[in-house]
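For reference, the structure is listed below as structure tokens.
The values are calculated or read from the model by the stated rules, or taken from the named source; none is laboratory data. Values in this document were obtained by computation on a predicted structure and should not be read as measured data. Glycine gets a Cβ as well: all are built from the backbone with ideal geometry, and neighbour counts include every protein chain shown.
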């Protein structure tokens with residue numbers, strides 16, 4: 001009886017490695033692409049849905065401003081939102097020169113104001129949705145809508161969304177590893193029982 005090491009050496013020196021690779025490699029590529037596509041779809045859905053409330057709030061506010069409402073009447077400045085710590089949405093109303101008319105947003109105790117390009121990119125009928133990073137560690141999903149006297153920006157923290165993205169990435173990574181292990185076992189089994197004289201293609 002051959003020793004186990006000799007049996008393994010004989011196995012690896014035969015057709016087994018070539019058969020295993022021929023079976024496993026295409027399946028591994030398919031599993032990798034599938035997991036990657038599923039994660040990308042989930043990530044894009046999470047990120048796009050992060051803007052949904054802001055679109056409605058910004059467009060409703062702009063419509064009321066165009067109808068004659070005063071900025072101070074549309075934003076509760078007494079109840080501020082710290083964009084660095086809160087998950088609540090906030091609203092900032094600007095005039096045509098980019099000056100703040102009303103805001104319930106703060107950042108570390110000060111006023112949160114986006115770069116001018118974020119405001120200028122919003123045109124009538126064409127809102128500007130961007131990720132705004134006012135400082136390191138703070139990322140805001142913002143939507144800016146134009147009104148007749150300037151722009152309205154509504155934003156909220158991406159903290160919760162990014163946590164969900166991380167969880168989705170973790171699940172996709174674990175699923176990918178499990179799939180590769182399962183495929184490796186299946187490929188090894190198939191290569192082991194492959195009929196003699198039949199080539200794997």
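Residue 74 meets each of the listed conditions (1) farther than 20 Å from residue 157 by Cα; (2) surrounded by 17 or more Cβ atoms within 10 Å (Cβ to Cβ); (3) at pLDDT below 90 apart from (3). Screening segment 118-159 for residues that are free of Cβ contacts under 8 Å to residues at least 40 places away in the same chain and in a helix (DSSP H, G or I) and picking the one that is surrounded by the most Cβ atoms within 10 Å (Cβ to Cβ) gives 119.
Given the residues 58, 88, which is the only one that is surrounded by fewer than 17 Cβ atoms within 10 Å (Cβ to Cβ), in contact (Cβ under 8 Å) with a residue 40 or more places away in the chain and touching a strand residue (DSSP E or B) at 6+ places or on another chain (Cβ under 7 Å)? Answer to the check: 88. Quick check, is residue 118 in contact with a helix residue (DSSP H, G or I) (Cβ under 6 Å, 6 or more places away or on another chain) and not assigned by TED's automatic domain parsing to the domain that holds residue 28? No, not satisfied.
Condition test on residue 129, is it under 13 Å from residue 58 (Cβ atoms), touching a strand residue (DSSP E or B) at 6+ places or on another chain (Cβ under 6 Å) and outside the structural domain of residue 33 (by TED's automatic domain parsing)? Taking the combined requirement at face value, the residue satisfies it. Inside segment 108-117, residues that are in contact with a strand residue (DSSP E or B) (Cβ under 7 Å, 6 or more places away or on another chain) and surrounded by fewer than 18 Cβ atoms within 10 Å (Cβ to Cβ) make up a count of 1.
Look at (1) exposed (fewer than 15 other Cβ atoms within 10 Å of the Cβ); (2) modelled with pLDDT under 90; (3) in the same structural domain as residue 25 (by TED's automatic domain parsing) and you find that residue 199 fails only one, number (3). Restricting segment 61-85 to residues that are closer than 17 Å to residue 119 by Cβ and without any contact (Cβ under 8 Å) to a residue 40 or more places away in the chain leaves a set whose member that is farthest from the chain's Cα centre (by Cα) is 71.
Determine, yes or no, whether residue 105 is closer than 18 Å to residue 157 by Cα and either in contact (Cβ under 8 Å) with a residue 40 or more places away in the chain or touching a helix residue (DSSP H, G or I) at 6+ places or on another chain (Cβ under 6 Å) (or both). Judged against the criteria, residue 105 is a match. If only residues of segment 45-58 that are at pLDDT below 75 and part of a helix (DSSP H, G or I) are counted, the one that is nearest to residue 139 (Cα to Cα) is 47.
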